[in-house]
1. List the pairs whose first member sits in the range 341-367 and is more than 24 Å from Thr329 (Cα to Cα), whose second member is modelled with pLDDT of 55 or more and of a type in the set (Lys, Arg), and whose Cβ atoms are under 8 Å apart, counting only residues at least 6 apart or on separate chains?
2. Going through Leu239, Leu217 one at a time, which residue ends up being buried (at least 18 other Cβ atoms within 10 Å of the Cβ) and farther than 23 Å from Leu313 by Cβ?
3. Are there any helices (runs of 4 or more DSSP H) wholly within the range 105-186 with 3 or more residues that are at pLDDT 75 or above and surrounded by 10 or more Cβ atoms within 10 Å (Cβ to Cβ), and if so which?
4. Assess whether Val269 counts as being in a strand (DSSP E or B), open to solvent by less than 30 Å² (accessible area, probe 1.4 Å) and of a type in the set (Val, Ile, Thr).
5. Going through the range 325-342 one residue at a time, which ones are open to solvent by 70 Å² or more (accessible area, probe 1.4 Å) and part of a loop (DSSP other than H, G, I, E, B)?
6. Please identify the pairs in which a residue from the range 304-326 that is in contact (Cβ under 8 Å) with a residue 60 or more places away in the chain and within 20 Å of Arg224 (Cβ to Cβ) has its Cβ atom under 7 Å from the Cβ atom of a residue that is assigned to a loop (DSSP other than H, G, I, E, B) and hydroxyl-bearing (Ser, Thr, Tyr), counting only partners at least 6 apart or on another chain.
Amino acid sequence: MGKVIPGCAETFQDSSEFQPRFEGQGQSQRFRDMHQKVEHIRSGDTIATTPGVAQWFYNDGQEPLVIVSVFDLASHQNQLDRNPRPFYLAGNNPQGQVWLQGREQQPQKNIFNGFGPEVIAQALKIDLQTAQQLQNQDDNRGNIVRVQGPFGVIRPPLRGQRPQEEEEEEGRHGRHGNGLEETICSARCTDNLDDPSRADVYKPQLGYISTLNSYDLPILRFIRLSALRGSIRQNAMVLPQWNANANAILYVTDGEAQIQIVNDNGNRVFDGQVSQGQLIAVPQGFSVVKRATSNRFQWVEFKTNANAQINTLAGRTSVLRGLPLEVITNGFQISPEEARRVKFNTLETTLTHSSGPASYGRPRVAAA
């Protein structure tokens, strides 16, 4: 994956064919290529992209690469309207931008297509024929193309291919920054949430949940988004909770689950089964509960706050646990003993078993 950030230098250089050459009073240096940073990405990576950044992907693996993109249309950086308007530098989109409201759908061509070929030729100092090729006027491949021949960009080796002394040096110093790496040009923009060893919530019999916010990835503070990765086993439940300061988009990556969502009026607005490839929007303040119905249920969430906060309705850190027993007793018109069970029976904070004793979830039978 590569990004081109406006105004930043080409810090990846191939000097294997470095040949100094004198021209008059100056000295020129010849490089085979130089470009901005290229990164390795893998399954489970979360990638933060700032506005105005050009981006490309190349799949050098053996499996299809699936990317789920989320745009924050309400961001203060979206100055035009509530429509996303990405454009292509190369290629085209025969289907057009289907999400634009109030505009007839039409094929989307790349940005060079709108300029006159002679203008492109003069600006890039190339011949007219090459300028016309940049416009992709007769190219019907779309915006995903197959690479012909080897794809040789400058990039560092994967971690397993790096010299041992480099890995040991990084291990000693860790990820502590010196201030330079957090400039916009070199800020870290990728983090992986698929590793259970980095989980924020982990129970071997139930699953794990990992969060990614601006404390982990500082660039998220700039784009005001955060992410969550969840993986739970069959009959595991994520206790009822709501987002206190963010909207959320939930995308199912594997398995099936039963989900219920309740709005601020106390109405159940969604109650159904979700499976791989489906997407659900959970507005701020709407409570949601998830229960896995397949061997494993996995999902990702994108939230519209760099440090999204949740509140739970059940469990050790829930709002009920913080209330006095007398408030629960009188608020719900239940006995003190029932209030004690409501408050203290669930010891977990986030994940629990949805299949408990036979009495759980059944109507209470009055004694004769």
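1. Going by the 8 Å Cβ cut-off, the qualifying pairs are Leu351/Lys203; Ser354/Arg291.
2. Only one candidate passes the filter, namely Leu217.
3. Counting at least 3 such residues, we get 117-124, 128-134.
4. No.
5. Residue satisfying the conditions is Gln333 alone.
6. Matching pairs, first to second residue: Ala306/Ser214; Asn307/Ser214.
Per-residue answers, yes or no, for (1) among the polar types (S, T, N, Q); (2) surrounded by 12 or more Cβ atoms within 10 Å (Cβ to Cβ); (3) farther than 24 Å from Gly277 by Cβ:
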residue	(1), (2), (3)
Arg32	no, yes, yes
His35	no, yes, yes
Trp56	no, yes, yes
Gly61	no, no, no
His76	no, no, yes
Gln79	yes, no, yes
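Each row is one residue, and each column tells you yes or no for (1) at pLDDT below 80; (2) in contact with an Asp or Glu (Cβ under 9 Å, 6 or more places away or on another chain); (3) not in a loop (DSSP other than H, G, I, E, B).
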residue	(1), (2), (3)
Thr50	no, no, no
Tyr58	no, no, no
Val66	no, no, no
Ser69	no, no, no
Asn78	yes, yes, no
Asn83	yes, no, no
Val98	yes, no, no
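The values are calculated or read from the model by the stated rules, or taken from the named source; none is laboratory data. Only a predicted model underlies this, so the values are computations on that prediction, with no experimental measurement involved. Methodologically, a virtual Cβ is constructed for each residue, glycine included, from the backbone with ideal geometry; neighbour enumeration extends over all protein chains shown. Just so you know, the surface numbers come from the protein's heavy atoms only, side chains and all, with ligands and any DNA or RNA stripped out. Shrake-Rupley method; radii C 1.70, N 1.55, O 1.52, S 1.80 Å.
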